[in-house]
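Reviewing the structure listed below.
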């Protein structure tokens, strides 16, 4: 997928000087103990290192110390950090860094998560990027901020346009909304991810756009010529960034338009994303656009692996985070996965 994303972004630039700019807001949790995911049991759950959330962490709070150490390590590696802070849920963190080319952004995300896990392990903790490791509190998302520039000029910005965006940008948004169900599996590729898509916790499960509604799949942040962008809120932090960014770019630029979306319907649509992985697999598998986008072999292999993981978990999510949905998660331990499959 990295090779496909690289090839696609290079082709965009060669065609008319288009550059895809992406910056993510990747949230995670900090838990007590090393390898807390590998030893997870639904009977005991995860143990939070801090009960603080936004503005509730004191300077020597374990979560705050972790954030400071991670931020220092990131800066040493050349990250251009912008905001480092606790998130809404207790023991939840988010470190934001500046936007860059789509391929580089995916590489940075991989490095960000790797460094977070290593810094946490050094402190006796586990940095966890499961979308919903604990029921009853906010899950973790990876809001993906995107814009396209052509020869250095933001192609999404129009001061007189609706919400400050160009028609080109709105066409991009409309294609994402039109194909939201078909691409949902690439953005939410684990059983656990569908726990997060719960509207009671600011989760973006509605297939619509809005400048303010945080349950919308696409948010339109207030921006200027430099910062005008769209924010795709439905991406989970455990998604493959290369596959996700490729999917979002190709869908936004080339996705089929099966229905006409107006300024009004973008805000008032009542369509929802799948609330379980089986429905997401069905949409993904039945989409000719997805098959054409990533190739028939990749589509078949991806579906095969997602079904294999899903079939080893309870089909009904329920209110308890099950042991199997953690242990069989693709980011937890591949050795355990292969020995079982």
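Tabulated data for the structure shown
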item	result
Residue in the stretch 28-39 that is in contact with a strand residue (DSSP E or B) (Cβ under 9 Å, 6 or more places away or on another chain), surrounded by fewer than 18 Cβ atoms within 10 Å (Cβ to Cβ) and not in a loop (DSSP other than H, G, I, E, B) present	yes
Whichever residue in the stretch 285-313 is closer than 13 Å to residue 191 by Cα and out of contact with any helix residue (DSSP H, G or I) (no Cβ under 7 Å at 6 or more places or on another chain) and, among such residues, is surrounded by the most Cβ atoms within 10 Å (Cβ to Cβ)	309
Residues of the stretch 128-150 that turn out to be touching a helix residue (DSSP H, G or I) at 6+ places or on another chain (Cβ under 8 Å) and not in a strand (DSSP E or B), as a count	11
One residue from 42, 91, 51 being within 22 Å of residue 236 (Cβ to Cβ) and more than 22 Å from the chain's Cα centre (by Cα)	42
Single condition residue 317 does not satisfy, out of (1) buried (at least 17 other Cβ atoms within 10 Å of the Cβ); (2) at pLDDT 90 or above	(2)
Residue 215 vs. criteria in contact (Cβ under 8 Å) with a residue 40 or more places away in the chain, more than 14 Å from the chain's Cα centre (by Cα) and more than 18 Å from residue 162 (Cα to Cα)	no
Flag for residue 25 being within 30 Å of residue 168 (Cβ to Cβ) and either in contact with a helix residue (DSSP H, G or I) (Cβ under 9 Å, 6 or more places away or on another chain) or surrounded by 16 or more Cβ atoms within 10 Å (Cβ to Cβ) (or both)	yes
Odd one out for residue 15 among (1) surrounded by fewer than 20 Cβ atoms within 10 Å (Cβ to Cβ); (2) outside any loop (DSSP other than H, G, I, E, B); (3) modelled with pLDDT of 90 or more; (4) in contact with a helix residue (DSSP H, G or I) (Cβ under 6 Å, 6 or more places away or on another chain)	(4)
Residues within the stretch 75-93 that are surrounded by fewer than 20 Cβ atoms within 10 Å (Cβ to Cβ), within 20 Å of residue 125 (Cα to Cα) and in contact with a strand residue (DSSP E or B) (Cβ under 8 Å, 6 or more places away or on another chain), tallied	3
Residues of the stretch 94-127 classified as part of a loop (DSSP other than H, G, I, E, B) and buried (at least 24 other Cβ atoms within 10 Å of the Cβ), total	0
Qualifying residue in the stretch 190-212 (condition: under 15 Å from the mean Cα position of the chain (by Cα), surrounded by fewer than 24 Cβ atoms within 10 Å (Cβ to Cβ) and over 26 Å from residue 290 (Cβ atoms))	yes
Given (1) over 30 Å from residue 296 (Cα atoms); (2) modelled with pLDDT of 95 or more; (3) surrounded by fewer than 13 Cβ atoms within 10 Å (Cβ to Cβ), number of the condition residue 55 does not satisfy	(2)
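The values are calculated or read from the model by the stated rules, or taken from the named source; none is laboratory data. Being a predicted model, the structure only gives us computed values, none of them experimental. When we count neighbours, we look across all protein chains shown, and the Cβ atoms used for this are built from the backbone with ideal geometry, even at glycine.
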